Structure formats: structure tokens, C-alpha cells
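Visitor: Pasting a structure here, questions to come.
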Amino acid sequence: MHILKTPREAFAKLDRLRREGVRLGLVPTMGALHVGHLSLVEQAQRLADQTVVSIFVNPTQFGPNEDFSRYPRTFQEDVERLESLGVEWLFAPTEQSLYPPGFSCCVQPPAVAQPLEGEFRPGHYGGVATVCMKLFQIIPAEVAVFGRKDYQQVRVIEQMVEDLNLPIRIVVGPTIREADGLAMSSRNRYLSDSQRQQALGLWRALQVVAEMAADGQRQVSDLERAMLSTLEASQVTKIDYARVVDARTLAPIESLDRPAVALIAAFVGQTRLIDCLLLEAD
Ligand code: PAF
């Protein structure tokens, strides 16, 4: 696997490949790779001739009191995992090379960034959109693969690509779960054994909503109440949101009369976890 350290080197090498007709697939990550990331890599490998994984813990998407400094950094293990999958390219820029002194230009994220995470993590999607825009410029990929677990992030990126006519296709990979349902996340490694049990409350709450919807329950306020009480029964009490919203716009809805998504963000101890489930309309 070739490791590219600067935007200049990455663009020079990868754009030459693109001009030779090699189709590139990109998987943007912040490292601490788990099976969920690896499934995105495998998806990219099926869709393109060569795969580029980026690893960059992006400071601009973390708030001042968030976990940027303690975010897990496991570079050597990540390299081994990617090599074992036969990934051709790793883009792992330094912070200095991606945000050199004087950097000040940012992407204003689309409206779909405003609710939910946008309320609880102001500035987060500005940072995500900016770094993804940079990655899409540096790595001339035909397709980029993102995980469904970060549902709102996917909608932000899809909308940015549409609104700004970016020549890249966004593909969404499924949420990969542990055997007991916990969505895989780099942040799960912060959890103690007892916190890990509590964290299952997020999956339980989503399953309750899915069952209620399958039984014909359409009233969103009832679904949201059931999510909250399931979370609380699992001792997940610091809840940023547990909502059922329009799957495309993420706007509030009253009734399950269109494709919708249930989204949860909650703390288990100091660890903020998110999870989601798509709910089909009739
Ligand atoms: O989902 C992530 O890991 C990050 O938000 C991303 C897309 C790599 C941007 O830093």
C-alpha cells in the first residue's frame, strides 16, 4: 500500500492514474478502523479499480469540549488492516499540510445540517463538509463510500455534492453491528463493560420503534415517547435527541406517511453515541 502524506503528492499520483483511465474509489475515515470501516472499503473495492482510504482526525469538526485530543489514533494497526484487504492507497495527511497557516476558506453546509446534530454540535458539519470537499478535490475519485450510521452526515455530503455539482458519486454502506446489535463505532472503545450494556439501549429503542411501525403505529409523537422510555429503561438518561424525521430533509413530521428515519444521539458516561434506523412508509 502506498502512503501519501501531502495533498500535492496525493493529487499528482492519483490524478495521473485517473487520466490513464483507472477508476478510483474513496473511503474517508478518521482511522481507528473497525469492521464497519472495512465493509465500506470492500464496497469501494467492488465499485472501483483501485481504492484510496483517507485517515485524518479532522480538528475542524470537533467542538471545543469534544474528544479531539483523546480520539483513538491507531495508525499502525489501521495500516495493517488496510494492507490485509489489499488497499492500494492510503492518504494520511498531517494537519499542517491540510490546514496550512492562513487557511480560512470553509464550506457552508446545506440546510439539512441544521437540525439534530447541527443544534447539539454547532460547527460540526461545516468542518465535515469542508474536509470532504478538500478530500474530493485532492483525490479524483469517481465514487466515495460513507457509512449509514452517520445518517445526517451522509445527507449533508449528498446535498453538498448535488448543490455544488461535484463530479463524484456518493454510495452509502450499511451500519455494521456487533452480534448484540450495538452499532460499530470508533468511540465504542471508550466504553467500560457496564457502559457497553447501557449502550445497547440505543439499539433497543430503535427496535421498539421499528416494531411499533410494523404494527401500524403512525403517530410520531408516540414513537418518540417510546424511544425515550426505552432509553431511560436502559439507564441512558443524557439524551440529546431521539427523533423520527423525514428521511430526506430531516424535517419534523407528525405521521409516518413517508420514508422516515429514527435518529438517536445520547451519552453513555462521557461517550456520545449516535445510531439510526430507516423506517419505510406504507
Ligand atoms: O465519518 C467520519 O469519520 C468523518 O466525519 C469524515 C467523513 C471522515 C470526515 O472527517
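Laboratory data are not the source of any read-out in this text; all were calculated from the coordinates shown. These numbers come from a predicted model, not from an experiment. Glycine gets a Cβ as well: all are built from the backbone with ideal geometry, and neighbour counts include every protein chain shown.
Visitor: Please report the spacing between the Cα centers of segment 20-87 and segment 227-256 in Å, no decimals.
Guide: Result: 29 Å between the Cα centres.
Visitor: To the nearest 10 degrees, how steeply does helix 7-19 sit against the main Cα axis of the chain, on a 0 to 90 scale?
Guide: The angle comes out at about 80 degrees.
Visitor: How big is Rg to Rh over the chain, alpha-carbon atoms, Rh as the Kirkwood inverse-mean-distance radius?
Guide: Computed over Cα atoms, the ratio is 0.97.
Visitor: Here's something else I'd like to know. Out of all DSSP beta bridges with both ends in the chain, state the antiparallel percent to the nearest 5.
Guide: Counting DSSP beta bridges with both partners in the chain, the antiparallel share is about 50 percent.
Visitor: Which residue, 221, 185, 194, has the most motion in a Gaussian network model of the chain that connects Cα atoms within less than 10 Å?
Guide: 194
Visitor: Sticking with this structure for a sec: Please identify every one of the GluC sites (Glu not before Pro) in segment 43-113 that sits in a loop by DSSP and has no more than 14 other beta carbons within 10 Å of its own beta carbon.
Guide: When the GluC sites (Glu not before Pro) of segment 43-113 are filtered for loop state and at most 14 Cβ neighbours within 10 Å, 66 remain.
Visitor: Rounded to the nearest 500, what is the 222 nm mean residue ellipticity of the chain from helices alone, with -39500 (n - 2.57) per DSSP H run of 4+ residues and division by all residues?
Guide: Result for the chain: -12000 deg cm²/dmol, rounded to the nearest 500.
Visitor: Remind me, what semi-axes does segment 157-282 give for its equivalent ellipsoid, largest first in whole Å, using sqrt of 5 times each Cα gyration tensor eigenvalue?
Guide: Three semi-axes, in Å: 25, 21, 12.
Visitor: Relative to the longest principal axis of the C-alpha atoms of the chain, give the angle of the C-alpha long axis of helix 193-214, reported between 0 and 90° and rounded to the nearest 10°.
Guide: 70 degrees
Visitor: A further question on this structure: Using alpha carbons only, how many degrees (0 to 90, rounded to 10) separate the axis of helix 35-47 from the longest principal axis of the chain?
Guide: Once rounded, one gets 60 degrees.
Visitor: For residue 115, what charge total do you get from the other residues with a beta carbon under 13 Å from its beta carbon, if Lys and Arg give +1 and Asp and Glu give -1?
Guide: Net of charged neighbours comes to 0.
Visitor: Next question, about the same structure. In terms of Cα to Cα distance under 26 Å, which lysines are near enough to residue 149, apart from those fewer than 8 places away along the same chain?
Guide: 134, 238
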